[in-house]
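The values are calculated or read from the model by the stated rules, or taken from the named source; none is laboratory data. Computed from a predicted structure; not experimentally measured. Here the Cβ positions follow ideal geometry from the backbone for every residue, glycine too, while neighbour counts run over all protein chains shown. These area figures cover heavy atoms from the full protein model, side chains too; ligands, DNA and RNA do not enter into them. Shrake-Rupley method; radii C 1.70, N 1.55, O 1.52, S 1.80 Å.
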There are 2 protein chains.
Amino acid sequence: MTRNLSVRPDRIAADIEALAEITDPDRPWTRRAFTPRFLQGRAWVDRAFRAAGLETRIDAAGNLIGRRAGRREGLGTIVVGSHTDTVPDGGRYDGIAGVVAGLEIARALADRGIALDHDLEVIDCLAEEVSIFGVSCIGSRAAAGVLPAAWLERSAESITLAEGIASVGGDPGVLESAKRDDISAFLELHIEQGPVLEREKLDVGIVTAIAGITRIEVEVAGRADHAGTTPMDARADALVAAAGIVLAVREIAIDLAGRGDGHFAATVGEFSIEPGAANVVPSSARLLIDARAEARGLMETFLEALSARCRTAETPGIIVGPPRVLSDNPPTPSDPALLDEITAACDGLDVRHRRMASGAGHDMAWFARIAPAAMVFVPCRGGRSHAPDEWADSDAIALGAEVLLETILRLDRRASNGGTTWDAS
Amino acid sequence: MTRNLSVRPDRIAADIEALAEITDPDRPWTRRAFTPRFLQGRAWVDRAFRAAGLETRIDAAGNLIGRRAGRREGLGTIVVGSHTDTVPDGGRYDGIAGVVAGLEIARALADRGIALDHDLEVIDCLAEEVSIFGVSCIGSRAAAGVLPAAWLERSAESITLAEGIASVGGDPGVLESAKRDDISAFLELHIEQGPVLEREKLDVGIVTAIAGITRIEVEVAGRADHAGTTPMDARADALVAAAGIVLAVREIAIDLAGRGDGHFAATVGEFSIEPGAANVVPSSARLLIDARAEARGLMETFLEALSARCRTAETPGIIVGPPRVLSDNPPTPSDPALLDEITAACDGLDVRHRRMASGAGHDMAWFARIAPAAMVFVPCRGGRSHAPDEWADSDAIALGAEVLLETILRLDRRASNGGTTWDAS
């Protein structure tokens, strides 16, 4: 279907292409935070923001902010944000699509001569991906006022995070000044990074929550025996026990995902054995489980079921350490009223949509701590992400951007009509 | 039970202790072939052989041979052999017990003033364990005339195998001269390296065969997906598929081991996944299976059953490469008549025994190609081997040595009585 949109897919495609060209040449597409390549990308974004009529600045946390002042004081700022840094050998869309959508929204507003009552900002958040410092979402954590001060001393490749933030134009000495209290709504567009929208032939996913992420380690101890001389009934094979746990994790996850209580997924992503010699029965194994739940209750059920399965995996000579939670982040629900505005925008535009949780973390999860926040997903081919073949159609991104633009207009009208700050609560 | 033996447990204990002291001091017990430490051990063995009345020499393949001439020509040589090299951080008994048993047999014959009709040799075979050159049983392969000439050019740590053989006193230029055609019986004593004798409270295992060893690689290809965003029903998780194969290998092996067709064991000793990142669904897995069968038919059944399970492990997105045989050595049966002589010796000594296969490879497997060969196992604590806590009782080793001595006397008498070479066939 050809639609008559305010945003222009051709400009979105050109922006994505322009940023894609700013990549480490030997490993497309790579523009890691805190590198000269990243600054080259940032310079492009800054020029593009200014060309779209945005006034740019870099806050103390190194976020690049393009601002368009509103007609009225005191309504707060509507923010469209995401990030332009990539993982190594990453894609052209993860984060980038969201910043470009914000940029295109600013251009579309200018094209149509629309002056909002609210201030509008487009933010390129610093270092959403895990960077050399081993942590993610530097910029959005700081905007939420929850970047641990101790992290500034983390060092990698001979610089500290504080020096890294300074190198992109931030001012880590006054990091707390990056904390925002003026945001009336935070909106993020992102590629889904999963196959659901494509599979269901939908245009937009309205994200109900960022799933909680719990990382769990399980260690299995058995006994190293000679692979040739130890009878099958006299072994304590740690790999065999661990393989049973891998299958149990999947079985429990399938059950929980099918309960109708929202998104649940669990993955054994790291798995190793010792000693790893052809002729020795494995003496130990280690599993790292990544579990994601839209509802906290699902995660608690998972941990209980996993513990039970670990206990039953103990056979003579096999000790399965109780599951050890290494990190545990609860789910972040989106703002319900904001979800309704997005839904209304979709319906008005005749956009096919569904509600869904995000299994991945995003900058939005941090802004949700200080403001009504929500995000929209657009489909990406085969659900592929964090890989060179990541692909999203410019028309699909444009449709998501149009939904955000319409949502912004609805929020702005609602505040103007009511004469007060729009209240998402 | 205190027995009146010809061999002396106290001398065996002293020999084991003396060799144990010749170890890399920071990692007991380590005396790797082709190292100065190994030569130090060899010097001790040479002195001990000569003190026991054996005439010593080193053959072209680097085997250290202690010889005691017989009274009659043309009966051939009865050999007692094993090895004194160790794995890194290995034990004090693996191989060593067999050489010490041969040494003690020579001393016991001297003590009792027994002159055999046969020539008798005790052989410390070169490099039975996998050495820096990546292969095993250098000396015994050469004695059987089957050490591939190309192996001499293998190099590691700046020397070739040829140079390594020369460094221990061999003469690789005339390697073929190490091939034996005069051996009328080859006997080896070894610790069981498994738990069966200890579990069944037996003194000696009479080894019916060296199990065949087949190494099989299975590769599983799936698809790397985001662990958070990919629903459980949209994954092609290579680890999950591989875990199923690990359990299938065990299940098939338990079935085959219980069929009453002799020893069978299968082990997944190497197991790895890619990419091995916490938040990525594993895209590939590799299994290395070590399978051992006393009867060739069991191995063929195993390979068929494994192939079938690999095929059924294929689900949408998962490709399981057909099992790839990396190496395949058939079983080596012991000489049946020699087994009967050992059994008669055991019965005469009132030694509790059983027949059993060896799941591990030994020098005997190579001598079996050129001579009637057999071996006896003695129990070791917990079946532990290739580890610092490997332990066998001196009394247990002595009992095994007494069985070999009695077997040698029986073979010698049989040849003398018949007036011809003892014929094991």
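Here are some notes:
- The number of residues in the range A:87-117 being on the phi < 0 side of the Ramachandran plot, outside any helix (DSSP H, G or I) and surrounded by fewer than 24 Cβ atoms within 10 Å (Cβ to Cβ) comes to 8.
- Looking only at residues in the range A:253-265 that are within 21 Å of A:ALA313 (Cα to Cα) and more than 8 Å from every other protein chain (Cβ to nearest Cβ), the one that is surrounded by the fewest Cβ atoms within 10 Å (Cβ to Cβ) is A:ASP255.
- Of residues in the range B:17-58 being among the aliphatic types (A, V, I, L, M) and in a helix (DSSP H, G or I), the one nearest to B:GLY134 (Cα to Cα): B:LEU39
- Of the criteria (1) touching a Lys or Arg at 6+ places or on another chain (Cβ under 6 Å); (2) crowded, with 24+ Cβ neighbours inside 10 Å; (3) of a type in the set (D, E, K, R), which one A:GLU128 fails: (1)
- Yes/no for A:GLY170 being surrounded by 22 or more Cβ atoms within 10 Å (Cβ to Cβ) and either of a type in the set (Asp, Glu) or not in a loop (DSSP other than H, G, I, E, B) (or both): no
- First in the range B:16-31 and without any contact (Cβ under 8 Å) to a residue 12 or more places away in the chain, second anywhere and in a loop (DSSP other than H, G, I, E, B) and surrounded by fewer than 16 Cβ atoms within 10 Å (Cβ to Cβ), Cβ under 8 Å, 6 or more apart: none
- Single residue of B:GLY169, B:GLY134, B:GLY139, B:GLY98 found to be touching a strand residue (DSSP E or B) at 6+ places or on another chain (Cβ under 8 Å) and without any contact (Cβ under 8 Å) to a residue 24 or more places away in the chain: B:GLY134
- Qualifying residue in the range B:274-286 (condition: small (Gly, Ala, Ser), out of contact with any strand residue (DSSP E or B) (no Cβ under 7 Å at 6 or more places or on another chain), surrounded by fewer than 20 Cβ atoms within 10 Å (Cβ to Cβ) and facing another protein chain (nearest Cβ under 9 Å)): no
- Being in contact with an Asp or Glu (Cβ under 8 Å, 6 or more places away or on another chain) and more than 14 Å from chain B (Cβ to nearest Cβ) is a property that A:HIS386 lacks.
- Number of residues in the range A:214-239 that are more than 7 Å from chain B (Cβ to nearest Cβ), without any contact (Cβ under 8 Å) to a residue 40 or more places away in the chain and of a type in the set (A, V, I, L, M, F, W, C) equals 0.
- Any hit, the range A:146-162, residues being open to solvent by less than 50 Å² (accessible area, probe 1.4 Å) and within 24 Å of A:ILE12 (Cα to Cα): no
- Residues that are closer than 10 Å to A:VAL207 by Cα and surrounded by 21 or more Cβ atoms within 10 Å (Cβ to Cβ), drawn from the range A:343-358: A:MET356, A:ALA357, A:SER358
- The conditions of being within 7 Å of chain A (Cβ to nearest Cβ) and either among the aliphatic types (A, V, I, L, M) or open to solvent by 10 Å² or more (accessible area, probe 1.4 Å) (or both) are met by B:GLU270.
- Of all residues in the range B:240-252 being surrounded by fewer than 24 Cβ atoms within 10 Å (Cβ to Cβ) and facing chain A (nearest Cβ under 8 Å), the one that is nearest to B:ILE397 (Cα to Cα): B:ARG250
- Filtering the range B:318-334 to residues that are in contact with an Asp or Glu (Cβ under 9 Å, 6 or more places away or on another chain) and either free of Cβ contacts under 8 Å to residues at least 12 places away in the same chain or not basic (Lys, Arg) (or both) leaves B:ILE318, B:ILE319, B:VAL320, B:GLY321, B:PRO323, B:VAL325, B:LEU326, B:PRO331, B:PRO333.
- When the range A:296-316 is limited to residues that are among the small types (Gly, Ala, Ser) and touching a residue at least 40 places away in the same chain (Cβ under 8 Å), the one that is nearest to A:PHE264 (Cα to Cα) turns out to be A:ALA305.
- Test: A:GLU294 is within 8 Å of chain B (Cβ to nearest Cβ) and of a type outside the set (Val, Ile, Thr): no
- Set side by side, the residues A:ALA242, A:ALA257 differ, and just one is touching a strand residue (DSSP E or B) at 6+ places or on another chain (Cβ under 9 Å), assigned by TED's automatic domain parsing to the domain that holds A:LEU306 and touching a residue at least 12 places away in the same chain (Cβ under 8 Å), which is A:ALA242.
- Every condition in (1) modelled with pLDDT under 95; (2) open to solvent by less than 10 Å² (accessible area, probe 1.4 Å) is met by A:GLU188 except one, and the failing one is (1).
- Qualifying residue in the range A:415-422 (condition: within 27 Å of A:ALA61 (Cβ to Cβ) and of a type outside the set (Val, Ile, Thr)): yes
- Residue match in the range A:375-383 (condition: in a helix (DSSP H, G or I), touching a Pro at 6+ places or on another chain (Cβ under 6 Å), within 14 Å of chain B (Cβ to nearest Cβ) and surrounded by fewer than 24 Cβ atoms within 10 Å (Cβ to Cβ)): yes
- Flag if B:LEU349 is assigned by TED's automatic domain parsing to the domain that holds B:ALA266 and under 30 Å from B:HIS83 (Cβ atoms): no
- Only one of the numbered conditions (1) part of a helix (DSSP H, G or I); (2) within 14 Å of chain B (Cβ to nearest Cβ); (3) more than 26 Å from A:ARG296 (Cβ to Cβ) is not met by A:ALA365, and that is (3).
- Subset of the range B:410-425 [modelled with pLDDT of 90 or more and either within 14 Å of chain A (Cβ to nearest Cβ) or open to solvent by 20 Å² or more (accessible area, probe 1.4 Å) (or both)]: B:ARG410, B:ARG413, B:ARG414
- Residues in the range B:180-207 that are within 14 Å of another protein chain (Cβ to nearest Cβ) and touching a strand residue (DSSP E or B) at 6+ places or on another chain (Cβ under 9 Å): B:HIS190, B:ILE191, B:GLU192, B:GLN193, B:GLY194, B:VAL196, B:LEU197, B:GLU200, B:GLY205, B:VAL207.
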